[in-house]
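Following: one structure in structure tokens, then a few remarks.
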Amino acid sequence: MALLELDNVKTHFFTTAGVVKAVDGVSYSVEEGETVAVVGESGSGKSVTAMTILRLIPWPPGKIVDGKIMFNGQNLLDLSEDEIRDVRGRDIGMIFQEPMTSLNPVLTVGLQLTESMTAHLGISEDEAMARAEILLDKVGIAEPKRRLSQYPHNLSGGMRQRVMIAMALACDPKLIIADEPTTALDVTIQAQIMELMKNLTRELGVAMIIITHNLGVVARYADRVNVMYAGKIIESGTAKNIYHNPKHPYTLALLKSVPRMDKTRAEKLDPVDGQPPDLTELDAGCSFRPRCRYVTEQCANSFPDLKQVGGEHFSACFNIDKLKKEVAEAVR
Amino acid sequence: MNEVQAAEGQVRASGSSAGFSDVLVDVRGLKMYFPITEGIMIPKVVAQVKAVDGLDFKIFKGETLGLVGESGCGKTTTGRCILRLEKATAGEILYGGTDIIKCDREQMVEMRQRIQVIFQDPYSSLNPRMKVGDIIAEPMYVHKIITGEAERQTRVRHLLNVCGLASAFADRYPHEMSGGQRQRVGIARALAMNPEFIICDEAVSALDVSIQAQVINLLEDLRDEFNLTYLFISHDLSVVRHLCHRVAVMYLGHMVELADCDELFDNPLHPYTKALLNSVPIPDPEIEKTREHQIIKGEIPSPINPPPGCVFHPRCPIMVDGCMSKAPVFREVTPGHFVACSEV
């Protein structure tokens, strides 16, 4: 049984402008110890999906309106407020994008690190501090003892993100959700942090969901990939399948939009025209169809189901056959 | 091989920087120090942030020079010095023979018609209270190049179209537009003066992948159509490789390497450039599997108190004793390929 299983999860925001279907029927699973990526552009619903798992959607205006989130054999959506608080930070750790804003500026690093341990593990503050020191050392922070009494502003961006990782790992979680963990960081620091996260999750056998828009990071670190567009997963599969044999026009377009650093420039980029749709104005048809080059009449009638198109490879598109030729050319 | 490729091949073989020979901007010994002061009534300079510390490079007419580096390396400050949004501490910036640093107010007004800038953040670089049409018309109004209101409006609409926006956008406000559309407005505004040189400061960094690709293509088309020269400041190495003819790498206020684009990416010489290229993940899981992931240690030191000798030595994998005391010379190792490292 999978560690985490999302089944037809829907999170909608009820705003004055209309109902924003930020997450609209998302299903995916995470096996124990594996790294799963959720990729997509701004507004595709990837972060809201993560917030939904931990039930961090503020009401009003947001509400999880449908679906099941099975974690460790229990449906997280059925838990009471107290019960879900036990899951947050203990069974599921979270790493946010902005290490500057996600740490409390007026509390010391030590206090923030130990807070979840004293709350969840029932250990004393001294024990927690000792453990925090070990954790900081583990995430590669020099002089951990001195750092414990410092404040976030004393640390660089990379170090703050290391502290965030230490916090996420503090209670031996089974799953870590990392929401754009390296987007705010420079490339050399990004590489350090991603490498650290990979090594720690492998060593401790922790599963991880990486939410990112960076296709390079996904290629380097993820076992499986879910591509999101306008609140839905439109393609999912192993990293190799997604990158070498994309079966959805949007995935293909994404791959053709990214310039390559490892190759001499051969031709101009070939991005899709237009921009992502307004999430309040979605109709029954495929949300990608206004930008799609393979659009047919069928696309306006209903949203295609996520169908299996190969071993461990699913795509939500009616016109997969039409894609084939272009894919052969695109996979360079 | 088509003609263009053949021509490019020849140029590369001749070693002259990607085929551009007329120098447009010649930066010599550029330094920009920001003072840190203490005391409110009588401020006393207690230290200096050496944001840019001795740069020498040229930008050729018609080329796109990429300027890459991590946060705080001084790439944006360099751009701002050329625009004279900062008054450089020392050095010369010769633009068509005139030193921008020494220009008086009148000369600067003339200069600013020839040099324009596109900023990173399309949200904060457009005045939220002005209509898009007025934003684009303002430089023409300020510089009095088109005085008739009707003519100006015609040109605004033309510029919008050139940048891929419908004329109707002239009557909208920035908040009614998406990030990509706003960035196009920023580009249209830069083009309003018919400039010959545009500094793109992280011009596509804030955009999503598919929108970013659209704007990259637009910048390319405009470059060809209006014979523009770009200084393309970016931290995104993939975009730089795609768009630039030559690339300069900066670290802590210094230029560590400068070469033709393919040469720099295929044959990097400076240990920092190597580390930087190695840190960038490539969107191909098969390549990533076989790639060596040598991660550079440590973080960028503070530019207030940069390391003595070579500024990169505390993180350098090939450091020798001499690096701690003697700053390396930025020298030409092969034609057109400059590097600042004593061990190369």
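The values are calculated or read from the model by the stated rules, or taken from the named source; none is laboratory data. This structure is a prediction, so every number in the text was calculated from the model and none was measured. So basically every Cβ, Gly included, is an ideal-geometry build from the backbone, and we count neighbours across all protein chains shown. Note: accessible area is taken over every heavy atom of the protein model, side chains too, but ligands, DNA and RNA are not part of it. Shrake-Rupley method; radii C 1.70, N 1.55, O 1.52, S 1.80 Å.
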For segment A:75-127, the count of residues that are farther than 21 Å from A:Leu204 by Cβ, under 23 Å from the mean Cα position of the chain (by Cα) and among the hydroxyl-bearing types (Ser, Thr, Tyr) equals 2
Expected single match for in a helix (DSSP H, G or I) and either at pLDDT 95 or above or more than 14 Å from every other protein chain (Cβ to nearest Cβ) (or both) among B:Ala170, B:Ala213, B:Ala248 is B:Ala170
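Looking at this structure, is A:Thr280 open to solvent by 20 Å² or more (accessible area, probe 1.4 Å), touching a strand residue (DSSP E or B) at 6+ places or on another chain (Cβ under 7 Å) and at pLDDT below 90?
Numbers: open to solvent by 20 Å² or more (accessible area, probe 1.4 Å): yes; touching a strand residue (DSSP E or B) at 6+ places or on another chain (Cβ under 7 Å): yes; at pLDDT below 90: yes.
Judged against the criteria, A:Thr280 is a match.
Let's see how each residue does on (1) within 16 Å of A:Ala168 (Cα to Cα); (2) not in a loop (DSSP other than H, G, I, E, B):
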{"position": "A:Asp82", "(1), (2)": "no, yes"}
{"position": "A:Met94", "(1), (2)": "yes, yes"}
{"position": "A:Gln97", "(1), (2)": "yes, no"}
{"position": "A:Ser102", "(1), (2)": "yes, no"}
{"position": "A:Val106", "(1), (2)": "no, no"}
{"position": "A:Met117", "(1), (2)": "yes, yes"}
{"position": "A:Ile123", "(1), (2)": "no, no"}
Regarding segment A:195-203, can at least one residue be identified that is open to solvent by 20 Å² or more (accessible area, probe 1.4 Å), away from every other protein chain (no Cβ under 14 Å) and among the basic types (Lys, Arg)?
no
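For segment B:181-200, what are the residues that are open to solvent by less than 20 Å² (accessible area, probe 1.4 Å), touching a helix residue (DSSP H, G or I) at 6+ places or on another chain (Cβ under 8 Å) and within 22 Å of B:Ile82 (Cα to Cα)? Give the steps one after another, and end with the answer.
Taking segment B:181-200 first, the residues open to solvent by less than 20 Å² (accessible area, probe 1.4 Å) are B:183, B:185-188, B:190-193, B:195, B:197-200.
Narrowing further to those that are touching a helix residue (DSSP H, G or I) at 6+ places or on another chain (Cβ under 8 Å): B:183, B:185, B:187-188, B:191-193, B:195, B:197-200.
Matches in segment B:181-200: B:Gln183, B:Ile187, B:Ala188, B:Leu191, B:Ala192, B:Met193, B:Pro195, B:Phe197, B:Ile198, B:Ile199, B:Cys200.
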Of the residues in segment A:45-88, those that are touching a His at 6+ places or on another chain (Cβ under 7 Å) and among the β-branched types (Val, Ile, Thr) come to A:Val65
Being within 11 Å of chain B (Cβ to nearest Cβ) and not aromatic (Phe, Trp, Tyr) narrows A:Ile242, A:Ile209 down to just A:Ile242
Result of the Cβ filter at 7 Å on segment B:251-267, keeping first residues that are within 10 Å of another protein chain (Cβ to nearest Cβ) and open to solvent by 10 Å² or more (accessible area, probe 1.4 Å) and partners that are among the basic types (Lys, Arg) and not in a strand (DSSP E or B), at least 6 apart or interchain, is B:Phe265/B:Arg241
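Select from segment A:164-187 the residues that are part of a loop (DSSP other than H, G, I, E, B), within 14 Å of chain B (Cβ to nearest Cβ) and not hydroxyl-bearing (Ser, Thr, Tyr) and list them in ascending order. Lay out the reasoning, then the answer.
First, pick out the residues of segment A:164-187 that are part of a loop (DSSP other than H, G, I, E, B): A:170-174, A:180-186.
Then drop every residue that is not within 14 Å of chain B (Cβ to nearest Cβ), which leaves A:180-186.
Listed by number, the residues that qualify are A:Glu180, A:Pro181, A:Ala184, A:Leu185, A:Asp186.
For segment A:251-267, which positions are assigned to a loop (DSSP other than H, G, I, E, B) and surrounded by 14 or more Cβ atoms within 10 Å (Cβ to Cβ)?
So in segment A:251-267, the residues assigned to a loop (DSSP other than H, G, I, E, B) come out as A:258-267.
Matches in segment A:251-267: A:Val258, A:Pro259, A:Arg260, A:Met261, A:Asp262, A:Lys263, A:Arg265.
From the list B:Ser205, B:Ser178, B:Ser210, exactly one residue is open to solvent by less than 10 Å² (accessible area, probe 1.4 Å), of a type in the set (S, T, N, Q) and under 25 Å from the mean Cα position of the chain (by Cα). Which is it? Quick ask: steps written out before the conclusion?
Details: B:Ser205 fails: open to solvent by less than 10 Å² (accessible area, probe 1.4 Å); B:Ser178 fails: open to solvent by less than 10 Å² (accessible area, probe 1.4 Å).
When all the criteria are applied, what remains is B:Ser210.
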Going through (1) more than 18 Å from B:Asn278 (Cα to Cα); (2) surrounded by fewer than 23 Cβ atoms within 10 Å (Cβ to Cβ); (3) not aromatic (Phe, Trp, Tyr) one by one, A:Leu175 fails only at (2)
